[in-house]
Amino acid sequence: DAGITQSPRHKVTETGTPVTLRCHQTENHRYMYWYRQDPGHGLRLIHYSYGVKDTDKGEVSDGYSVSRSKTEDFLLTLESATSSQTSVYFCAIAGAANTEAFFGQGTRLTVV
Amino acid sequence: KNQVEQSPQSLIILEGKNCTLQCNYTVSPFSNLRWYKQDTGRGPVSLTIMTFSENTKSNGRYTATLDADTKQSSLHITASQLSDSASYICVVISMDSNYQLIWGAGTKLIIKP
């Protein structure tokens, strides 16, 4: 999977608790993305990063924050998880904005 | 509004048969179009990438076509195999907003023996 590791792979958490998902890459790619995938929807971009400490919002960023303190790590934080954030989360990396994106295995998050 | 629509939503065919999946888009300005294959429980994997000047691109038994004038693309799968069972997702890259990826909802393909 192009040197991308997502952790954890599965998580069940309670409403109102903070949750952090981690994406780690070994490809030294500049761009990193967080998507969520829900039934009946295409992948939806939450946040992305175009360099260390450089991040921007995607189309569904409300309730999520991100951080990128190193090239290889991109963290997604749900400050106070809600049931609507139950989803499968995918991290992706790309060398440039218009080049091929490689995806991680996904993290299945359930908020109860 | 930038949109990507795929049809059919799902498709069941017998092993060995051919099939064609459709993708219509309204994304402008257009950078490139990609087809991804997503197996159940896994992340998407790229099959083809086409720029506006490319009409056809093949990857083994997968052949993608692009008509930039009508804003349509298709993915043709030849001699289907059981391992082709997956979701196939069309993605169009807009030149706006730092090359934003606009994702279709996918076509779920089931190959039956």
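The values are calculated or read from the model by the stated rules, or taken from the named source; none is laboratory data. Not measured: the values here are computed from a predicted model. A quick note on method: Cβ atoms are made from the backbone with ideal geometry, for glycine too, and the neighbour counts reach across all protein chains shown. Heavy atoms of the whole protein, side chains included, go into the accessibility calculation; ligands, DNA and RNA do not. Shrake-Rupley method; radii C 1.70, N 1.55, O 1.52, S 1.80 Å.
Some notes on this structure:
- Count of segment B:8-44 residues which are of a type in the set (G, A, S), within 14 Å of chain A (Cβ to nearest Cβ) and open to solvent by less than 70 Å² (accessible area, probe 1.4 Å): 3
- Leading residue by the ranking (nearest to the other protein chains (Cβ to nearest Cβ)) among those in segment A:30-61 that are under 17 Å from A:T99 (Cα atoms) and either open to solvent by 40 Å² or more (accessible area, probe 1.4 Å) or in contact with a helix residue (DSSP H, G or I) (Cβ under 7 Å, 6 or more places away or on another chain) (or both): A:Y50
- Complete set of residues in segment A:70-104 that are under 19 Å from B:V91 (Cα atoms), surrounded by 15 or more Cβ atoms within 10 Å (Cβ to Cβ) and touching a residue at least 40 places away in the same chain (Cβ under 8 Å): A:V88, A:Y89, A:F90, A:C91, A:A92, A:I93, A:A94, A:A97, A:A101, A:F102, A:F103, A:G104
- Condition check for A:V66 on (1) over 20 Å from A:A94 (Cβ atoms); (2) touching a Leu at 6+ places or on another chain (Cβ under 8 Å): one failure, at (1).
- Within segment B:67-80, if we keep just the residues that are touching a Lys or Arg at 6+ places or on another chain (Cβ under 8 Å) and open to solvent by less than 40 Å² (accessible area, probe 1.4 Å), the residue that is nearest to the other protein chains (Cβ to nearest Cβ) turns out to be B:I77.
Residue-wise test of (1) in contact with a Cys (Cβ under 7 Å, 6 or more places away or on another chain); (2) more than 25 Å from B:I13 (Cα to Cα).
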residue	(1), (2)
B:T26	no, yes
B:Y36	no, no
B:V45	no, no
B:S58	no, no
B:T63	no, no
B:S73	yes, no
B:I77	yes, no
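- For segment A:1-22, the candidate set comprises residues that are within 11 Å of chain B (Cβ to nearest Cβ) and of a type in the set (A, V, I, L, M, F, W, C); within that set, the residue that is surrounded by the fewest Cβ atoms within 10 Å (Cβ to Cβ) is A:A2.
- Pair list, Cβ < 9 Å and 6+ apart or interchain, from segment B:81-100 residues that are within 14 Å of chain A (Cβ to nearest Cβ) to residues that are in a loop (DSSP other than H, G, I, E, B) and among the charged types (D, E, K, R): B:A86/B:D39; B:A86/B:R42; B:S87/B:D39; B:V92/B:K71; B:Q100/A:E59
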